[in-house]
1. Run the dipole for the chain about the Cα centre, Lys and Arg Cβ at +1, Asp and Glu Cβ at -1, nothing else charged, and hand back the magnitude in debye, nearest 20.
2. Between Lys125 and Gln32, what is 0.36 nm times their sequence separation minus the Cα-Cα distance? Round to one decimal in nm.
3. Could you work out the local net charge near Thr167, counting Lys and Arg as +1, Asp and Glu as -1, over the other residues with Cβ closer than 11 Å to its Cβ?
4. Report the calculated FRET efficiency for Lys152 and Asp115 (r = Cβ-Cβ distance, R0 = 30 Å), to the nearest 0.05.
5. What fraction of the DSSP beta bridges in the chain is antiparallel, stated in percent and rounded to the nearest 5?
6. What FRET efficiency, computed as 1/(1 + (r/R0)^6) with R0 = 30 Å and r the Cβ-Cβ distance, is obtained for Ala164 and Asp88, rounded to the nearest 0.05?
7. Would you work out which of Thr45, Gly113, Thr67 lies farthest towards the positive end of the dipole of region 22-119? Charges go on Cβ: Lys and Arg +1, Asp and Glu -1.
8. Any idea what log10 I(q)/I(0) is at q = 0.09, 0.11, 0.16, 0.19 Å⁻¹ for the chain, Debye with uniform C-alpha scatterers and no solvent?
Amino acid sequence: MRSILNRCALCVGALAVLFTNIARAEVKVGDQAPAFELAASDGKTYKLADFKDKQVVVVAWFPKAFTGGCTKECKSMKENGSAIRQYDVAYFTASCDAVEGEKGNKAFAESLGLDYPILSDPTRKTAMEYGLTTSPTGNAKRVTFYIGKDGKILYIDSAVKTEAHGTDIAAKLNELGVAKK
């Protein structure tokens, strides 16, 4: 009996490693961006496919609403929104927090008076597809993805400076040659 239990434990362990490695599959520049359909703080649902052949998309992932770094990052994007909106771009922040609730992204966006939506991925499906978390309960890493009109990853910023992120996004859009409106 002990032998059977040991074999079962080994199988379960092997499956856990396999699924963890699949979940950690990180996207790279030039890859097709994983599709997403996520509810947002403004009450709408956004699909990456809706922007294909229309606009560049920027998604700035952050770990947790109502925390210091995330607050600085979101404020920076709001304060520099006019510079970002000069470009033909749809831009969002995103986290694994729920939309609704006292600590949800809707409440977070309202508390900061944000003029752009925060996407919510409470199932972490999208975060795992982008390689931002390996756990169905973990927070996403702080990473910003720039996705071209063709749906391919143009640039990945994994060294986000929270207080300057809005300015950095506008500068990167310029560097990438994204068309101005």
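The values are calculated or read from the model by the stated rules, or taken from the named source; none is laboratory data. Please read these numbers as outputs of a predicted model, since none were measured by experiment. Backbone-built Cβ (ideal geometry, glycine too); neighbour counts: all protein chains shown. Note: accessible area is taken over every heavy atom of the protein model, side chains too, but ligands, DNA and RNA are not part of it. Shrake-Rupley method; radii C 1.70, N 1.55, O 1.52, S 1.80 Å.
1. 420 debye
2. 31.8 nm
3. Computed value for this residue: -1.
4. It comes to 0.60.
5. 65 percent
6. 0.85
7. Highest projection toward the positive end goes to Thr67.
8. -0.34, -0.48, -0.92, -1.28
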